[in-house]
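Scroll down for the structure; my scribbles are underneath it.
The values are calculated or read from the model by the stated rules, or taken from the named source; none is laboratory data. Owing to the predicted nature of the structure, the values given are computational and were not obtained by experimental measurement. Heads up, the Cβs are rebuilt from the backbone with ideal geometry, glycines too, and the neighbour counts pull from every protein chain shown.
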Amino acid sequence: MSDRDFVLDSDPEEFRRAGHAAIDWVADYLEQIRDRRVLSNVEPGEIARRFDDTPPATGRPFDDLLAAFDRDVMPGVTHWNHPRFFAYFSITGSRAGILGELLSAALNVNGMLWRTSPSATELETKVLDWVRSMLGLPEGLFGIINDTASINTFLALAAAREALGLEIRDKGMTGRALPRLRVYCSDQAHSSVDKGALALGFGTAGIVRVPSDDAFRMDVDALEKRIAEDRAKDAVPCAIVATLGTTSTAAVDPLRRIAAVAKRENAWLHVDAAYGGPSALVDEYREIFDGVEDADSIVVNPHKWLFTPVDCSILYTKRPEVLKRTFSLVPDYLQTTESDVINYMDYGLQLGRRFRAIKLWMVLSHYGTERIRAAIASHVAHASRLADELRAMNDIEIVAPPSMSVVVFRRVVRDTDGAVDEDASERASTELVDAINASGKAFVSHTRLRGRYAIRVAIGNGAVVWDDLDALLGLIRG
Ligand SMILES: Cc1ncc(COP(=O)(O)O)c(C=O)c1O
């Protein structure tokens, strides 16, 4: 080395030692996770105060940092890995997924072009085809991994708009008369549909929330009626979003009927199976994708219910050429000469792309489809048993048909005539949620259905066993 050389990492042996210690830390953390509070109970600002206002001028050894991590970071962590994390969708990691993340961080490749790392591109294409076939999706779908379902739905809606042939890419959306475009989804669809549509300029007036039926599934008659009304006012249906596994209750929209409407109306059909997609692995939900051959795009999140650490969301489409037409823009410095390769940067907004396929490959290869299926089947069985136990309680009402691994209920308070006191029921239910979460022993979240507050339990952790649900029942019984 010359006097002018400077090497950032000066002690490779320190890295090896600290790396082993970090893996030991992770192994202990996962083994002992049930001893921790699920929901962090720090006060706002408490964690920030533990850190200096400026970065250190001179560095500290890794050992020191691991100790500081334990002391100053861990108290403010809510443990998404905890088997009694039942809130939201318990975004599930796994040991295989953690190792996949480690390897991908080590390689630090940027898979924007095929040549910037052929393995990143080719493994992505391969594992997405594995997931496609595991879930029984049609052959020949193009797949791409992005960070979240929100981004994938945004990309799908952008492609839907491009597919209308209104030359928006060339002429923009101002200065000429464009038809009023509509995106339809049920009143139970995830807010990411609205966000994507808003970002694309559909406006709130362009987003139509179609009523759902008693089981919170899209009412297809209402969809058809609304489209007819909109057409009469010269509005154009651009996209219809069907959700398979809604956020609040895991309801499954009637895909085949919705697909027929989309086909007739020449609207893009986007399927949001972000959470529910993996349920197709188990017998009870094998049919949820019935009708999917007519979908233009489908989103499935391995970071929700396929044991892959956040972030990893798959967008499938049978019309990759439309996605490419929407987003491809190749400056001179990114031109390459290879033919017959996928340059994934052409199919979305971002240029730089993490090597996420490696963790998905690791998860699918380490556990194999049978173990993954068994884990998901156990979640579905636990949910159904939990619903039975709750039904047997006098002061609990199940407020949506239990579906997949989600159970939604509320505490009911009755007046002397036996009629439900809505205000008192809401108070009792929020108090129950607060008590469960304050205990640190479990974490549940809430939703609102037809105006009523409801408690929501979603099961999805790879380590969850019935004892964990039994502990939750104990907290509910008080
Ligand atoms: C049905 C559904 N779609 C989309 C999303 C958005 O997911 P992401 O966090 O990957 O953007 C969620 C989040 O919970 C969801 O439940």
Inset, instruction - Collect the residues in the range 136-147 that are surrounded by fewer than 20 Cβ atoms within 10 Å (Cβ to Cβ) and more than 12 Å from K318 (Cα to Cα), keeping them in residue-number order. - result: G136, D147
Inset, instruction - Within the range 383-409, work out how many residues are buried (at least 18 other Cβ atoms within 10 Å of the Cβ), touching a Lys or Arg at 6+ places or on another chain (Cβ under 9 Å) and closer than 20 Å to R84 by Cβ. - result: 5
Legend entry - Qualifying residues in the range 259-278 (those that are within 15 Å of the ligand (Cβ to nearest atom) and in contact with a Leu (Cβ under 8 Å, 6 or more places away or on another chain)) - the one nearest to A160 (Cα to Cα): H270
Inset, instruction - Would you be able to say whether some residue in the range 313-328 is β-branched (V, I, T) and within 16 Å of the ligand (Cβ to nearest atom)? - result: yes
Inset, instruction - Residues being of a type in the set (A, V, I, L, M), closer than 27 Å to E293 by Cα and surrounded by fewer than 24 Cβ atoms within 10 Å (Cβ to Cβ): count how many of those fall in the range 230-245. - result: 2
Inset, instruction - Determine, yes or no, whether S133 is part of a helix (DSSP H, G or I), surrounded by 18 or more Cβ atoms within 10 Å (Cβ to Cβ) and of a type in the set (S, T, Y). - result: no
Inset, instruction - Considering only the range 210-226, state which residues are charged (D, E, K, R) and either free of Cβ contacts under 8 Å to residues at least 40 places away in the same chain or in contact with a helix residue (DSSP H, G or I) (Cβ under 8 Å, 6 or more places away or on another chain) (or both). - result: D213, D214, R217, D219, D221, E224, K225
Legend entry - helices (runs of 4 or more DSSP H) wholly inside the range 144-226 that include at least 3 residues being within 16 Å of the ligand (Cβ to nearest atom): 149-163, 191-199
Legend entry - Enumeration of residues in the range 279-308 that are within 16 Å of the ligand (Cβ to nearest atom) and either in a loop (DSSP other than H, G, I, E, B) or at pLDDT below 95 (or both): I288, F289, A295, N301, L306, F307, T308
Inset, instruction - Kindly indicate whether W361 is closer than 20 Å to L135 by Cα and within 16 Å of the ligand (Cβ to nearest atom). - result: no
